[in-house]
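Here's the structure we're looking at; comments come further down.
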Amino acid sequence: MAARAAPKKKPTKKNQSSGKIANFSEQEELKSYYDMLLIRRFEEKAGQLYGMGQIGGFCHLYIGQEAVVTGINMALKEGDQSITAYRDHAHMLAVGLDPKGIMAELTGREGGLSKGKGGSMHMFSREKHFYGGHGIVGAQVPIGTGLAFSNKYNGSDNICVAYMGDGASNQGQVYESFNMAKLWNLPIVYVIENNQYAMGTAVARASSQTDFSRRGVSFNIPGVKVDGMDVRAVYAAADDAVKYARENGPIILEMLTYRYRGHSMSDPAKYRTKDEVQRMRAEHDPIEQVKKRILDGRLASEDDLKDMDKKIRAIVTESADYATNCPEPDPSELWTDVLIET
Amino acid sequence: MAIEILMPALSPTMEEGKLSTWLVKEGDNVGSGDVLCEIETDKATMEVESIDEGVIGKILIDAGTENVLVNTVIAILLEDGEDASVMDNMKPSAAPIATAEAEPVAETTLVAAPVAVIPQTDEIPEGTTFKQQTIREALRDAMAEEMRREDSVFIMGEEVAEYQGAYKVTQGLLEEFGDKRVIDTPITEHGFAGLGVGAAFGGLKPVVEFMTFNFAMQAIDHIINSAAKTLYMSGGQMGCPIVFRGPNGAASRVGAQHSQDYTAWYANIPGLKVVSPYSAEDAKGLLKAAIRDPNPVVFLENELLYGVTMDVPELDDFVLPIGKAKIERAGTDVSIVSHSMGIKLALEAAEILAGQGISAEVLNLRTIRPLDTEAIIASVKKTGRMVTVEEGWVRCGLGAELTAVVMDGAFDYLDAPVARVTSKDVPLPYAANLEKLALPSVDDVVNAARKTCYAD
Ligand SMILES: Cc1ncc(C[n+]2csc(CCOP(=O)(O)OP(=O)(O)O)c2C)c(N)n1
Ligand SMILES: [Mg+2]
């Protein structure tokens with residue numbers, strides 16, 4: 001109801017960037033293109049499987065925001081942790097998890113990353129230092145701060161990346177976390193994925209300070225505003241931020257980004273104009289931007305990119321086949337993993 | 001190959017919908033992301049986007065068609081350069097259904113649970129000497145011993161370090177272990193409870209102190225949604241070895257918002273262990289076990305008992321098993337089952353009852369989850385009667401659960417209905433007289449026991 005009443009306001013000053021753009025090598029251009037395209041194709045497939053009733057409950061797609069996790073992960077090293085909310089499929093792909101395990105979790109099968117017991121919003125991987133997958137808005141932020149705390153405590157030089165949305169950024173525990181993170185100079189990068197909406201609420205309707213890069217000001221945490229649709233800008237900012245966090249302590253990156261799809265599969269997204277979505281797609285699409293550079297710079301031919309797309313589609317289709325053919329968890333699993341046996 | 005476009009499900013409950021409009025026609029070129037048609041469900045009108053590129057070969061369901069079942073083929077998309085004739089030998093295929101044979105499960109590396117040294121017996125060896133300690137000191141010693149034993153154990157909470165604890169439970173810990181391991185937090189329960197959970201995921205063993213459990217309501221989301229459920233949701237990958245501890249229940253005259261007993265709340269949650277000590281011995285042995293446990297443990301203390309002096313066994317490493325009740329006083333006529341402060345009432349009541357010729361057995365639960373049902377059933381089989389005592393409210397409270405346990409396990413042995421002694425069903429009043437009336441008393445326990453014995 002409130003969503004419909006949203007004032008028709010032009011999204012203002014989107015995509016002004018921190019200014020810094022990384023100079024990508026040919027290899028980096030191609031890798032970022034591949035990584036982002038994998039996310040997009042995966043999410044499209046997830047949407048399709050949802051439509052076919054193979055995925056249930058809530059399912060939040062990342063389409064449009066691909067440059068954010070892709071650029072960030074290019075700046076991380078082995079052992080760095082990450083944690084996010086329920087819009088998490090891409091974050092898992094970006095840390096290198098097998099699309100099959102992710103898709104099978106979406107379909108709730110025993111081959112899923114959480115044996116089918118977590119679902120789309122609750123997935124984890126110890127191995128890849130990915131700590132979820134959280135359904136409660138904002139809850140991942142103090143937990144990420146605790147991971148950073150454990151890094152410092154253990155004397156490791158790893159950092160944690162805690163992602164949150166523009167909506168989550170208004171949760172009290174975020175500021176409790178900022179305060180402790182700075183008080184104890186914990187090695188953490190807070191990434192605010194400002195996709196302009198929290199469900200149906202445009203940023204300006206929920207936030208008194210809409211410049212999220214300034215949300216750390218009263219804690220003396222520096223912040224940078226980044227064009228989150230340009231993977232080179234994301235990478236440049238992430239590289240600086242990760243170094244800063246390793247040496248000094250917390251830092252905030254506000255990623256100006258946009259989701260093309262509704263909040264979840266059942267959101268008709270009537271709180272924004274088609275025009276607005278169309279304009280973002282046409283002018284700022286993260287994948288098209290790289291594609292254009294690749295073709296203009298003759299780093300690959302149109303046919304090469306088509307082949308790449310085919311390869312990616314095959315991987316995604318394979319994951320979907322696995323996810324729909326894999327059996328459901330054994331009924332006995334109902335009773336496992338409640339407590340560790342002692 | 002030509003691609004079938006299916007009627008999508010657009011919500012968790014949608015089974016059919018109306019295909020209201022087509023925004024493309026046969027022969028149109030479409031790209032991925034282009035809107036193909038609009039679908040009306042009972043909740044909203046939604047757009048269907050193409051996820052592939054190609055040419056619309058055929059539209060199979062006309063605009064305006066109602067009750068189109070999910071997964072019906074609504075159109076055919078031809079790929080670049082494909083001829084329309086490929087559609088001739090295409091049969092509409094049903095959606096893959098989840099019955100196919102098992103494939104080998106992707107290999108996952110499960111992190112082995114930390115080896116916990118927790119004894120299975122609560123017996124104190126013959127010849128053990130005891131020392132007199134307050135419960136406060138017993139709790140402090142338990143934490144200090146575990147911190148000496150394992151570097152990964154740390155304590156955090158409001159005023160736990162410099163101030164030595166709001167109720168002085170952490171006295172001396174800062175001096176011994178330094179500010180890396182004894183940490184004053186801001187007044188940010190939700191934040192530091194979540195941070196504690198994260199630190200536990202990160203391999204540490206946090207002891208998170210809540211100044212009282214009333215303030216843990218700010219943090220209950222992390223205790224339940226993050227600490228208790230993650231092991232399950234991660235398919236066993238993400239254990240959370242953490243202790244949430246602090247005083248629970250009524251103190252004295254601090255009013256309704258500072259006096260709640262949360263035992264039944266936490267005891268309702270799978271994925272948690274809930275411990276509630278009565279004596280100094282319980283406090284020492286169970287807190288050590290809680291810290292060693294690889295699971296999240298909610299450790300409910302009682303402020304009014306902190307200063308009580310009792311015996312604690314003088315053993316190098318005194319650890320009690322979680323999940324085992326203790327008979328504090330043996331008897332034959334009625335079982336009084338309780339925990340924490342309730343045991344104090346029960347023991348005093350048992351003394352009075354003895355003078356009246358009624359032999360009461362007092363069973364100290366020690367752990368509320370997992371509940372020692374065996375001990376409860378054994379006691380009731382012996383006495384044939386049960387009185388439950390708790391400080392929580394009666395509805396859906398611990399007494400209801402204990403009663404159900406007895407219904408299941410000792411129904412035929414009962415000689416009288418179970419009697420429940422609880423707080424009155426009101427927020428705790430501030431007025432001294434009213435507060436006294438609201439909380440369970442020794443008299444309440446005596447009367448309940450006499451009632452079950454048909455003594456009046
Ligand atoms: C504590 C809590 N309140 C409300 C919700 C319901 N909810 C789920 S997502 C969401 C919006 C969050 O928006 P944002 O943080 O901007 O992230 P985005 O969905 O845009 O990625 C809300 C209100 C929730 N899951 N948890
Ligand atoms: Mg948002």
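The values are calculated or read from the model by the stated rules, or taken from the named source; none is laboratory data. This one's a predicted model, so the numbers in the text were calculated from it and none came from an experiment. Methodologically, a virtual Cβ is constructed for each residue, glycine included, from the backbone with ideal geometry; neighbour enumeration extends over all protein chains shown. Areas reflect the complete protein model, heavy atoms only, side chains present, ligands, DNA and RNA absent. Shrake-Rupley method; radii C 1.70, N 1.55, O 1.52, S 1.80 Å.
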Of every Cα-Cα pair in the protein assembly as shown, the percent that sits beyond 53 Å: 23 percent
Relative contact order (percent, whole number), chain A, Cα cutoff 8 Å, 6+ residue spacing: 25 percent
Accessible surface buried once A binds B (1.4 Å probe; total of both sides; Å²): 5900 Å²
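Can you give the mean number of other chain Cβ atoms that lie within 10 Å of the Cβ atoms in peptide B:21-34? Could you put the intermediate results ahead of the total?
On the way: counts 0, 0, 0, 0, 0, 0, 0, 0, 0, 0, 0, 3, 9, 0.
What the average comes to for B:21-34 is 1.
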Residues in the range A:139-157 occluded by at least 50 Å² - accessible area, probe radius 1.4 Å, against chain by itself: A:Ile143, A:Phe149, A:Tyr153
For B:Ile74, residues with placed amide H under 5 Å, excluding near neighbours: B:Ile5, B:Leu6, B:Met7
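Considering every residue in B:152-159, what mean count of other chain Cβ atoms within 10 Å of its Cβ is obtained?
Working: counts 3, 0, 2, 0, 2, 0, 0, 0.
Counting other chains' Cβ atoms within 10 Å and averaging over B:152-159 gives 1.
Per residue and in cubic angstrom, what volume does the convex hull of the Cα atoms of the range B:130-313 have? Don't skip to the end; give the middle numbers.
Working: hull volume 19.1 nm³, N = 184.
Cα-based convex hull of the range B:130-313, divided per residue, equals 104 Å³.
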Length-normalised contact order of the range A:200-335 in % [C-alpha pairs under 8 Å, at least 6 apart]: 18 percent
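Can you list the equivalent-ellipsoid semi-axes of chain B, largest first and in whole Å, using the square root of 5 times each Cα gyration tensor eigenvalue?
Details: eigenvalues 698, 160, 91 Å².
Gyration-tensor ellipsoid for chain B: 59, 28, 21 Å.
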Interface residues, the range A:40-64 - accessible area loss of 40 Å² or more versus chain alone, probe 1.4 Å: A:Glu44, A:Tyr50, A:Gly51, A:Met52
Shape box of chain A [Cα atoms, principal axes, largest first, Å]: 58, 51, 47
Accessible surface of chain B, 1.4 Å probe, proportion on carbon and sulfur as whole %: 51 percent
Net charge of neighbours whose Cβ lies under 13 Å from the Cβ of A:Ile21, counting Lys and Arg as +1 and Asp and Glu as -1: -3
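About its Cα centre, what dipole magnitude does the range B:326-452 give when the only charges are +1 on Lys and Arg Cβ and -1 on Asp and Glu Cβ, stated in debye to the nearest 20? Walk me through the intermediate numbers first.
Details: 14 positive and 17 negative charges, 10 e Å.
The dipole magnitude comes to about 40 debye.
Note down the magnitude of the dipole of the range B:130-313 about its Cα centre, charges +1 on Lys and Arg C-beta and -1 on Asp and Glu C-beta and zero elsewhere, to the nearest 20 debye. Please list the in-between numbers first.
Details: 16 positive and 23 negative charges, 78 e Å.
Roughly 380 debye for the range B:130-313.
For the pairs B:Lys273/B:Lys451; A:Lys128/B:Lys229; A:Lys45/A:Lys115, note any where the Cα-Cα span goes beyond 22 Å. Mind dumping the intermediate values first?
Working: B:Lys273/B:Lys451 33 Å; A:Lys128/B:Lys229 20 Å; A:Lys45/A:Lys115 20 Å.
Over 22 Å Cα-Cα: B:Lys273/B:Lys451.
Heavy-atom accessible area per residue, the protein assembly as shown, 1.4 Å probe: how many Å²?
Working: 32100 Å² over 798 residues.
For the protein assembly as shown, the per-residue accessible area is 40 Å².
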Out-of-range pairs (alpha-carbon distance over 23 Å; input A:Lys270/A:Lys291; A:Lys117/B:Lys205; A:Lys31/A:Lys100): A:Lys270/A:Lys291; A:Lys117/B:Lys205
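Net charge within 13 Å of A:Pro142 by Cβ-Cβ distance, Lys/Arg positive one each and Asp/Glu negative one each, not counting A:Pro142 itself? Write out the running numbers ahead of the final one.
Numbers: positive: none; negative: A:Glu176, B:Glu189, B:Asp221.
Overall, the nearby charge balance is -3.
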Accessible-area ranking of A:Phe212, A:Phe58, B:Phe177, largest first, probe 1.4 Å: A:Phe58, B:Phe177, A:Phe212
Heavy-atom accessible surface of the range A:68-115: percent carbon and sulfur, 1.4 Å: 45 percent
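When each pair of different Cα atoms in the range B:127-217 is counted once in the 1/r mean, what is the Kirkwood radius in angstroms, to one decimal?
Details: mean 1/r = 0.0734 Å⁻¹.
Taking the inverse mean of 1/r over all distinct Cα pairs, the range B:127-217 comes out at 13.6 Å.
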Most mobile of A:Leu147, A:Leu305, A:Leu256 in a GNM of chain A (Cα contacts under 10 Å): A:Leu305
In sequence order, calculated HN-Hα J values of the range A:179-193 (Karplus, 6.51, -1.76, 1.60; Hz; x Gly/Pro): 4, 5, 4, 7, 3, 10, 6, 7, x, 9, 10, 8, 10, 8, 8
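Let me know the mean shielding of B:262-274 by other chains, meaning the per-residue number of their Cβ atoms within 10 Å of its Cβ.
Numbers: counts 0, 0, 0, 0, 0, 0, 0, 0, 3, 3, 2, 2, 0.
Mean partner-chain Cβ count within 10 Å for B:262-274: 1.
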Simple Cβ-charge dipole of the range B:151-246, Lys/Arg +1 and Asp/Glu -1, about Cα centre, in debye nearest 20: 400 debye
Under Karplus coefficients 6.51, -1.76 and 1.60, residue-wise ³J(HN,Hα) of the range B:20-26 in Hz, glycine/proline x: 7, 9, 9, 9, 10, 10, 4
